[in-house]
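Below you'll find the structure, written out as structure tokens, and then a few comments.
The values are calculated or read from the model by the stated rules, or taken from the named source; none is laboratory data. Computed from a prediction, not measured in an experiment: that's the story for all the values here. Virtual Cβ from ideal backbone geometry, glycine too; neighbours counted across all protein chains shown. Ligands, DNA and RNA are stripped out before the accessible areas are found, and what is left, the full protein with its side chains, is counted by its heavy atoms. Shrake-Rupley method; radii C 1.70, N 1.55, O 1.52, S 1.80 Å.
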Amino acid sequence: MKKVPASCDADAGDRNKGDDREVFSGRAWRLVKFGAPADSIELQQMTWPEPVPGQVLIRVRTAGAGYPDVMMAAGHFPLLGNPPFGLGEEAAGEVVAVPSGSRFSVGDQVTGITGFLDGWGGYAEYTYLREESTIKIPARMTTEQASGFPIAFRTAYAGLVDRAPLEAGQVLLVLGAAGSSGGAAVQLGKALGATVIAVAGSQEKLDFCRLHGADHGVNHRTEDLPARVGELTGGRGADVIFDPVGGATALTALQAIARDGRMVLIGLASGEPVALNSMDMLLRNYSAVGVLATPGSAAEEALVWDRLADLADRGAISTPVGHVYDFLDVPEMIARQLAPTAGKSVVRITVE
């Protein structure tokens with residue numbers, strides 16, 4: 001990695017002709033075509049000009065991973081066009097450049113959502129973070145925890161606070177509870193005062209969920225999910241179902257939703273969405289809401305991130321880190337997100 005004058009780089013020189021801005025040079029994993037990760041992702045030499053307003057440029061320490069990487073590589077992520085582009089939605093590291101008027105300074109240790117929608121991913125030695133979705137790393141967090149914090153907890157907040165408000169004393173049923181989004185929902189649900197029932201596919205994953213705050217666990221492969229939730233809730237069911245899985249598991253879980261319950265549609269890790277039945281929704285009086293955690297106004301975003309950072313500072317929420325991969329293992333790591341181990345997968349980009 002090195003920092004070079006803009007005039008030393010041909011592409012950057014064309015973009016910045018006539019100015020004296022610096023560009024930062026390093027390696028980045030880029031998707032060059034849709035397909036299997038081993039065949040479609042390449043490690044390339046890149047340059048990053050100094051950031052424009054709305055961005056901060058960081059030297060990446062660690063980057064958070066997840067199922068969306070699989071969707072991007074396969075060409076199934078709805079918000080992106082055709083390759084080439086960078087992969088990795090979130091990253092943590094040291095600020096190396098800021099635009100005029102930024103609330104951050106060079107040297108700040110931060111975590112945030114990358115500019116992946118503009119082609120800049122986190123699996124790189126440098127990346128841009130969206131300033132409105134960036135915070136200083138809370139004191140209690142390791143760098144690995146920090147890099148896996150933004151996407152999962154911002155999504156969980158959008159679902160459990162903004163879209164289908166979860167109230168203290170209610171029951172939250174979390175599908176895929178040992179995964180990235182599910183693990184964040186377990187912790188945020190507890191912080192909001194709910195009783196949390198974690199759903200996963202193995203005893204190892206359920207033990208992981210209990211370690212990170214779940215009150216109860218249900219193995220959807222070996223137990224009768226609706227019956228078990230009924231037992232745990234005195235026959236009432238779950239007030240909110242957090243669903244990053246979709247498919248048959250989500251459809252089965254709907255049998256355990258309470259009257260006036262809400263299903264929060266986060267994703268489809270199973271490969272297909274839940275098949276909602278409008279007549280069933282009418283007769284049993286429940287609703288379903290879709291969640292895409294896109295930024296609101298700057299003021300609204302600031303309030304969300306301040307609250308999440310405060311919860312993290314107090315130790316109420318923390319990224320449940322699973323496997324930590326090396327930078328050179330990114331293609332293998334993405335392939336493994338089809339059947340990840342428990343916890344948030346993280347990539348260590350630089351070693352101090």
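Applying 0.36 nm per residue to the separation of A335 and L282 and subtracting their alpha-carbon distance, the gain on full extension is 15.1 nm. Once the gyration tensor of the Cα atoms in the chain is diagonalised, the equivalent ellipsoid follows with semi-axes of 38, 20, 18 Å, ordered largest first.
Panel note: the C-alpha atoms of the stretch 175-310, placed on their principal axes, show extents of 44, 37, 30 Å (largest first). Site pair S100 and A36 shows an inter-label distance of 5.2 nm when each label is modelled 7 Å from Cα along Cα→Cβ.
Projected onto their three principal axes, the Cα atoms of the stretch 299-352 cover extents of 38, 27, 22 Å, largest first. Near the amide H of A258, within less than 5 Å, lie the amide hydrogens of A238, D239, all on another chain or at least 5 residues away, with H placed in the peptide plane. Taking max minus min of the alpha-carbon positions on each principal axis, the stretch 83-186 gives extents of 45, 34, 24 Å, largest first. Using just its DSSP H runs of length 4 or more, each adding -39500 (n - 2.57), the chain gives a mean residue ellipticity at 222 nm of -7500 deg cm²/dmol after division by all residues.
Gyration tensor analysis over the Cα atoms of the stretch 47-132 returns equivalent ellipsoid semi-axes of 23, 13, 10 Å (largest first, whole Å).
In plain terms, the bigger the Kirkwood radius, the slower the diffusion; for the stretch 151-201, with that radius from Cα pairs, at 25 °C and 0.890 mPa s, Stokes-Einstein puts D at 235 µm²/s. P(r) tail for the stretch 191-230, what percent of Cα pairs lie past 15 Å? Cα-Cα pairs of the stretch 191-230 separated by over 15 Å account for 36 percent. Ordered from highest to lowest accessible area with the whole protein assembly present and a 1.4 Å probe, S318, S40 read as S318, S40.
When the surface is traced with a 1.4 Å probe over the full set of protein chains, H220 keeps roughly 60 Å² accessible. Looking at the chain, the accessible area is 42 square angstrom per residue; that uses a 1.4 Å probe and ignores ligands, DNA and RNA.
Each Lys and Arg contributes +1 and each Asp and Glu -1, all at the Cβ; summed about the Cα centre of the chain, the dipole is approximately 400 debye. Overall, the accessible surface of the chain at a probe of 1.4 angstrom is composed of carbon and sulfur to the extent of 50 percent. In square nanometres and to one decimal, what's the mean projected area of the convex hull around the Cα atoms of the stretch 176-253? Average projection, Cα convex hull of the stretch 176-253: 4.6 nm². When E300, E144, E90 are compared by accessible area of protein heavy atoms, the largest-first order is E300, E144, E90, using a 1.4 Å probe. Computed on the stretch 122-236, the Cα convex hull volume stands at 124 Å³ per residue.
Angle of helix 298-313 to the longest C-alpha principal axis of the chain, folded into 0 to 90 degrees and rounded to 10: 70°.
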